[in-house]
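The values are calculated or read from the model by the stated rules, or taken from the named source; none is laboratory data. Quantities reported herein were computed from a predicted structural model and do not represent experimental measurements. Here the Cβ is made from the backbone with ideal geometry for all residues, glycine too, and neighbour counts use every protein chain on show.
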Amino acid sequence: MPISTTELEERKTGKDLYSYQKGAIDKIFQSFEDSPKDYHLLYQLPTGGGKTVIFSEIVRQYLKLHNKKVLVMTHRIELCRQTSKMLTEFGVNNKVVESKANLDDQADYSCFVAMVETLNNRLNDDKLDISDIGLVIIDEAHYNSFTKLFKFFSQSFILGVTATPLSSNMELPMTDNYDELIVGETIESLIENGFLARADMFSYNVGLTSLVVGANGDYTVKSSEDLYTDNGMLDKLIQAYEERAKGKKTLIFNNGINTSLHVYDTFKRAGYPIAHLDNTNSKKERALILKWFKNTPGAILTSVSILTTGFDEPSVESIILNRATKSLTLYYQMIGRGSRIFKNKSSFSVIDLGNNFHRFGAWGEDLDWQKIFRSPNYYLDAILGDEELESNFRYEMPDELRAEFGKSEEVYFDIQKTYIESIRAGESSKVVLERSIAQHGKICIENSEDVYDALALAKKLGEDIDFRIKRYTKCISKSTFNFVEWLRGEYRKKLNSYLRTNFDEVFEEIHGYPPED
């Protein structure tokens, strides 16, 4: 029978549950009652919403109401230990089935916690008695490594829990393995009711067309490292940090150990407190680094994907996505590391250097999880490709640089629009760059006292120039590396020549009087 609120409030151990958590438990137990014993139910709740708390209470109540045992599966050993600790807090006597665990006393336990690979080995070796398992709970159920174990539990009720009910392998959609999805509270609702912090999101457009998609459907480490270890990208990263996150406790996510080490060196040279963490660190090293990060105000921790699950540090104030991903789940996991409320923290910063906001939408926007669960390919096919995304970008000057062009009302120049207009007018495409150079020249001159000031400002327009050249070469469908490099150099030469030749005339047009000698 479903659990009543009164029964929940009578519990003497564990943690108090919020109303939305109690509501979720009621729905799940109703499904226990109404469905066959081999039913597969999936429950979705955002990162930070308390999935472990919910299923720990479910285990406690299930064991109280049923003469059956429970198995909880995770995909990482850290999650096994955290889950075991939480279950113990809820008064559930449980045993962690590790690779070297002695199972001679398994009859003394009614709840087991196991990592998927270890459990698979133990079941194939016939070392664990699962004949009396009535409920199987799968944490982070979107990982497909669990599905190979379903054959062992054909007579058990399976409850999968996840923040993102979208399979990590599109060849194995979750709808093939689960009969029903229950959708929990939305991120927006959890924010409004004070359970999660709000994300202040900042996106820096990055050219990603050099990235290669691997067999797993996401960008390869090799192509990501080629892009994100480039000096220009490292400069953009530290610039973004200084503009939006300086002094805040910050997590930086990278795709590749080498990238993370480059990030570490860059921030270290700049004098910022930073540490690097990856899966090659020992358990002791990891503990020391995480302790330092927890206790150091304004600390920066750069890592690969090791901290996307099983890591909970609510004092994090800023997340930097120094990588692109095709995975909606990874996108939500990375940002979710900063969403925990903490003391006076009600918001956190997210800096995106992988066009992920453009690809997936803002974190917390209203996603139709039921539709994604039922028709994952329809959702994935609707996600824009990198070239299409980048065709919609417009260059935005960094705040510090924009201040140097403060006398200019507008600094943006639309290359694509100018190209279309020139073609319709029967003009050569070369006039596009000529007009771009004239516009660049004008904003340099109107913010300068003399030609030397203007030339100095022109040197700071490198990113804008590169953006315009890239957009122009796409328009004319000519983008060989040598041609683009030549065009960049020519543009800079012609801009400097324009300033020297036209400074006095343009200055007088702008101000109504000639420059002082």
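Taking the conditions exactly as written (in a helix (DSSP H, G or I), surrounded by fewer than 23 Cβ atoms within 10 Å (Cβ to Cβ) and not assigned by TED's automatic domain parsing to the domain that holds SER327), does LEU149 satisfy them or not?
Working: in a helix (DSSP H, G or I): yes; surrounded by fewer than 23 Cβ atoms within 10 Å (Cβ to Cβ): yes; not assigned by TED's automatic domain parsing to the domain that holds SER327: yes.
Here the answer is yes, as LEU149 does meet what is asked.
Would a scan of segment 269-278 turn up a residue that is in the same structural domain as ASP235 (by TED's automatic domain parsing) and without any contact (Cβ under 8 Å) to a residue 24 or more places away in the chain? Even if it seems obvious, please write down each step before you answer.
Kept after step one, since they are in the same structural domain as ASP235 (by TED's automatic domain parsing), are these residues of segment 269-278: 269-278.
Remaining after also requiring without any contact (Cβ under 8 Å) to a residue 24 or more places away in the chain: 269, 271.
For segment 269-278, residues in the same structural domain as ASP235 (by TED's automatic domain parsing) and without any contact (Cβ under 8 Å) to a residue 24 or more places away in the chain: present.
With the checklist (1) of a type in the set (Gly, Ala, Ser); (2) crowded, with 18+ Cβ neighbours inside 10 Å; (3) in the same structural domain as ILE252 (by TED's automatic domain parsing) in hand, flag the one item GLY160 doesn't pass.
Exception for GLY160: condition (3).
Test of understanding: among ALA270, ALA245, ALA299, ALA275, which residue is in contact with a Pro (Cβ under 6 Å, 6 or more places away or on another chain), at pLDDT 95 or above and hydrophobic (A, V, I, L, M, F, W, C)? Let's see the steps before the verdict.
Numbers: ALA270 fails: in contact with a Pro (Cβ under 6 Å, 6 or more places away or on another chain); ALA245 fails: in contact with a Pro (Cβ under 6 Å, 6 or more places away or on another chain); ALA275 fails: in contact with a Pro (Cβ under 6 Å, 6 or more places away or on another chain).
Only one candidate qualifies: ALA299.
When segment 94-106 is examined, which residues are found to be more than 15 Å from LEU63 (Cβ to Cβ) and either of a type in the set (A, V, I, L, M, F, W, C) or surrounded by 13 or more Cβ atoms within 10 Å (Cβ to Cβ) (or both)?
Taking segment 94-106 first, the residues more than 15 Å from LEU63 (Cβ to Cβ) are 96-106.
Within segment 94-106, VAL96, VAL97, GLU98, ALA101, LEU103, GLN106 qualify.
Return a yes/no flag: does segment 351-368 have any residue that is of a type outside the set (Lys, Arg), touching a strand residue (DSSP E or B) at 6+ places or on another chain (Cβ under 8 Å), more than 30 Å from PRO173 (Cα to Cα) and modelled with pLDDT of 90 or more.
yes
Confirm whether PHE253 is under 19 Å from the mean Cα position of the chain (by Cα), over 24 Å from GLY462 (Cβ atoms) and of a type in the set (Phe, Trp, Tyr).
Values: under 19 Å from the mean Cα position of the chain (by Cα): yes; over 24 Å from GLY462 (Cβ atoms): yes; of a type in the set (Phe, Trp, Tyr): yes.
For PHE253, the condition - under 19 Å from the mean Cα position of the chain (by Cα), over 24 Å from GLY462 (Cβ atoms) and of a type in the set (Phe, Trp, Tyr) - is met.
Condition check ((1) in the same structural domain as TYR143 (by TED's automatic domain parsing); (2) of a type outside the set (S, T, N, Q); (3) surrounded by fewer than 20 Cβ atoms within 10 Å (Cβ to Cβ)) across all residues:
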| position | (1), (2), (3) |
| --- | --- |
| LYS284 | no, yes, yes |
| LYS291 | no, yes, yes |
| ASN295 | no, no, yes |
| VAL304 | no, yes, no |
| ASP312 | no, yes, yes |
| SER318 | no, no, no |
| ILE335 | no, yes, no |
| GLY338 | no, yes, no |
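In this structure, is ASP368 in contact with a His (Cβ under 9 Å, 6 or more places away or on another chain) and within 30 Å of ASP200 (Cβ to Cβ)? Walk me through it before giving the result.
Numbers: in contact with a His (Cβ under 9 Å, 6 or more places away or on another chain): no; within 30 Å of ASP200 (Cβ to Cβ): yes.
No, not satisfied.
Considering each residue of segment 191-220, count those that are surrounded by fewer than 18 Cβ atoms within 10 Å (Cβ to Cβ) and in a helix (DSSP H, G or I), and give that number.
Residues meeting the conditions: 1.
Going through ARG500, ARG471, ARG492 one at a time, which residue ends up being part of a helix (DSSP H, G or I), closer than 22 Å to GLU427 by Cα and not assigned by TED's automatic domain parsing to the domain that holds GLY232?
Working: ARG500 fails: closer than 22 Å to GLU427 by Cα; ARG492 fails: closer than 22 Å to GLU427 by Cα.
From the options ARG500, ARG471, ARG492, the qualifying one is ARG471.
Within segment 227-245, restricting attention to residues that are in contact (Cβ under 8 Å) with a residue 24 or more places away in the chain and either outside any helix (DSSP H, G or I) or among the hydroxyl-bearing types (Ser, Thr, Tyr) (or both), which residue is farthest from ARG323 (Cα to Cα)?
ALA245
It is to be established whether one or more residues within segment 159-182 are on the phi > 0 side of the Ramachandran plot and at pLDDT 90 or above. Lay out the reasoning, then the answer.
Let us first name the residues in segment 159-182 that are on the phi > 0 side of the Ramachandran plot, namely none.
Taking every residue of segment 159-182 in turn, none turns out to be on the phi > 0 side of the Ramachandran plot and at pLDDT 90 or above.
Against the conditions (1) assigned by TED's automatic domain parsing to the domain that holds LYS343; (2) over 20 Å from the mean Cα position of the chain (by Cα), where does TYR178 fall short? Just the number, please.
It fails just one condition, (1).
Residue under question is GLY91, and the condition is that it be touching a Ser or Thr at 6+ places or on another chain (Cβ under 6 Å), surrounded by fewer than 17 Cβ atoms within 10 Å (Cβ to Cβ) and more than 20 Å from PHE152 (Cβ to Cβ); does it hold? Let's see the steps before the verdict.
Values: touching a Ser or Thr at 6+ places or on another chain (Cβ under 6 Å): yes; surrounded by fewer than 17 Cβ atoms within 10 Å (Cβ to Cβ): yes; more than 20 Å from PHE152 (Cβ to Cβ): yes.
Against the criterion (touching a Ser or Thr at 6+ places or on another chain (Cβ under 6 Å), surrounded by fewer than 17 Cβ atoms within 10 Å (Cβ to Cβ) and more than 20 Å from PHE152 (Cβ to Cβ)), GLY91 qualifies.
Would you call LEU135 more than 19 Å from GLN370 (Cα to Cα), modelled with pLDDT of 90 or more and crowded, with 16+ Cβ neighbours inside 10 Å?
yes
Which pairs have Cβ atoms under 8 Å, sit 6 or more apart or on different chains, and link a residue in segment 175-190 that is under 13 Å from ILE372 (Cα atoms) to one that is of a type in the set (Val, Ile, Thr) and assigned to a helix (DSSP H, G or I)?
The qualifying pairs are ILE182/ILE28.
For segment 10-99, list the strands (runs of 3 or more DSSP E) that sit wholly inside it and hold at least 2 residues that are free of Cβ contacts under 8 Å to residues at least 24 places away in the same chain; which are they?
Working: elements: 40-44, 69-74, 94-97.
Hits in segment 10-99: 94-97.
Restricting to segment 448-468, what's the tally of residues that are more than 34 Å from the chain's Cα centre (by Cα), of a type outside the set (D, E, K, R) and assigned to a helix (DSSP H, G or I)?
Residues flagged as more than 34 Å from the chain's Cα centre (by Cα), of a type outside the set (D, E, K, R) and assigned to a helix (DSSP H, G or I) within segment 448-468 amount to 7.
Mind listing whichever residues of segment 185-210 are among the polar types (S, T, N, Q) and within 16 Å of the chain's Cα centre (by Cα)? Reasoning before the result, please.
Let us first name the residues in segment 185-210 that are among the polar types (S, T, N, Q), namely 186, 189, 193, 203, 205, 209-210.
Within segment 185-210, SER203, ASN205 qualify.
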